[in-house]
């Protein structure tokens, strides 16, 4: 079972755990609607779209409202620390949560005690917490964008706000940033670095660079990094190796963008509805260039 853990930017959203469904431009969890615009909802939407091609897979979402105060995130951390062993996911992805080192460590300790350890994936806030706690090597996959990679690469930064400017948001320095992240033990076993070029990394070694197809308007769209992470999670849960999943996910996300033909006014749902078509085509020939 794939368990997706994250937040919704709505303080009134209750802590809920259940099987999500995709309905138009919303996901529904336990009867509660969440717009698929970006964030964890976009990740969930991408997983559900991919499952239309990958076949039946059990997906659960653990969500809570949090507008940045951390109150909702702490409730979710606490529940996970109590219930993860009973939920027993095979793939576990942590997405937007307020980084809290103490609660991160409690949840990770619970994961390490599970009878069968899940594939452990972190993006966004939880990836920050993993780095800040010194536990990054315990993870199987991080999915940073270039700015987030800069934080992983900065061995002195205690928080993303304090990442040194000289290594912030510089696409042409990605290989150097990857090397720094691993030098200081701030990288997971694998990385999927999201950007104008997507990099797949295993144990510090760059394995793949994916830059085509390219839909230029996707660079300015919120949520396309979330869909890429969701695709990787779905492919891993379907049985692909982490490297295969990341390489295929990068191609699918780009092809879905090409099919959507986005404009600056496009929304991430325009990409998500193209995922089944893009995934079917990439699975038919995973090594095609799709120029």
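Quick notes on this structure:
- Any hit, region 25-38, residues being within 15 Å of residue 92 (Cα to Cα), touching a helix residue (DSSP H, G or I) at 6+ places or on another chain (Cβ under 9 Å) and surrounded by 21 or more Cβ atoms within 10 Å (Cβ to Cβ): no
- Among the criteria (1) assigned to a helix (DSSP H, G or I); (2) in contact with a helix residue (DSSP H, G or I) (Cβ under 8 Å, 6 or more places away or on another chain); (3) modelled with pLDDT under 95, the one residue 290 does not fulfil is (1).
- Residues located in region 39-63, provided they are modelled with pLDDT of 95 or more, surrounded by fewer than 17 Cβ atoms within 10 Å (Cβ to Cβ) and farther than 15 Å from residue 3 by Cβ: 52
- So residue 181, is it part of a helix (DSSP H, G or I) and on the phi < 0 side of the Ramachandran plot: yes
- When we screen 146, 107 for residues that are at pLDDT 90 or above and either surrounded by fewer than 22 Cβ atoms within 10 Å (Cβ to Cβ) or closer than 20 Å to residue 201 by Cα (or both), the only hit is 146.
- Considering residues of region 221-245 that are in a loop (DSSP other than H, G, I, E, B) and at pLDDT 95 or above only, the residue surrounded by the fewest Cβ atoms within 10 Å (Cβ to Cβ): 239
- Selection status of residue 61, assigned to a strand (DSSP E or B), touching a residue at least 40 places away in the same chain (Cβ under 8 Å) and within 18 Å of the chain's Cα centre (by Cα): yes
- When the criteria are applied in full, residue 93 meets the requirement of being touching a helix residue (DSSP H, G or I) at 6+ places or on another chain (Cβ under 7 Å), part of a strand (DSSP E or B) and at pLDDT 95 or above.
- Test: residue in region 112-127 that is touching a strand residue (DSSP E or B) at 6+ places or on another chain (Cβ under 8 Å), in a loop (DSSP other than H, G, I, E, B) and modelled with pLDDT of 95 or more: yes
The values are calculated or read from the model by the stated rules, or taken from the named source; none is laboratory data. Please read all numbers here as calculations on a predicted model, not as lab measurements. With ideal geometry, Cβ positions are generated from the backbone for all residues, glycine too; neighbour counts draw on all protein chains shown.
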